[in-house]
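Chemist: Structure below; questions to follow.
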Amino acid sequence: MSKRYEEDIEVTPDPVDASAPLSFKWRGRRYEIDQRMSSWREAGQWWLAAGTGRATNGAAQAASRATPRDREYHRVLARPAGALATGDLDPDGFMRSPSAVYDLFFDRVARVWKLARIWD
C-alpha cells in the first residue's frame, strides 16, 4: 500500500551526483536517505513543449494547451534524521526500523522537488 502526497520538499543534493537527493525536509522534519533504490524519468507531451508539430483535431488542440510534464523520480529508503534501528524484533522476527520507502521527484518544468508517495 502507498499514500500519495505531491507536497513540496527541500532537498539536499548529493555532492557527487547533484541530480540525486542525499536528504530531504518534509513538513519541518529532515529525512536521511540510507539507500537509493531506483530512479526513472517520466515525460509527457515533450513534442508539444518543443513547439513542433501542429494540432489537427480538438483532442490534440486541448493537449497542446496542457502543461508539459517532465519529472525525474527517485525511490529511496529513508528515515527521520537521528532515528536508528534499535535491534528490537517484531513478532515475526524482523528488525524494527523507522525507515520507509519514499518516491521523490524533481519537476524539471517547474524546477521544484516534491514528495510523490510513501510506501507501507
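The values are calculated or read from the model by the stated rules, or taken from the named source; none is laboratory data. None of these values were measured; they are calculated from a predicted model. Every residue, glycine among them, receives a Cβ derived from its backbone with ideal geometry; neighbour counts consider all protein chains shown. Side chains are part of the model used for accessible areas, which takes the heavy atoms of the whole protein and leaves out ligands, DNA and RNA. Shrake-Rupley method; radii C 1.70, N 1.55, O 1.52, S 1.80 Å.
Chemist: Which of the residues that make up region 81-119 are of a type outside the set (A, V, I, L, M, F, W, C), closer than 25 Å to P13 by Cα and assigned to a loop (DSSP other than H, G, I, E, B)?
Modeler: Once the filter is applied, which keeps residues that are of a type outside the set (A, V, I, L, M, F, W, C), closer than 25 Å to P13 by Cα and assigned to a loop (DSSP other than H, G, I, E, B), region 81-119 yields G82, S97, P98, S99, R108, R111.
Chemist: For region 77-97, how many residues meet the condition of being over 13 Å from the mean Cα position of the chain (by Cα) and either open to solvent by less than 50 Å² (accessible area, probe 1.4 Å) or touching a residue at least 60 places away in the same chain (Cβ under 8 Å) (or both)?
Modeler: 7
Chemist: Determine whether region 102-113 contains at least one residue that is at pLDDT 80 or above, among the basic types (K, R) and open to solvent by less than 80 Å² (accessible area, probe 1.4 Å).
Modeler: No, region 102-113 contains no residue that is at pLDDT 80 or above, among the basic types (K, R) and open to solvent by less than 80 Å² (accessible area, probe 1.4 Å).
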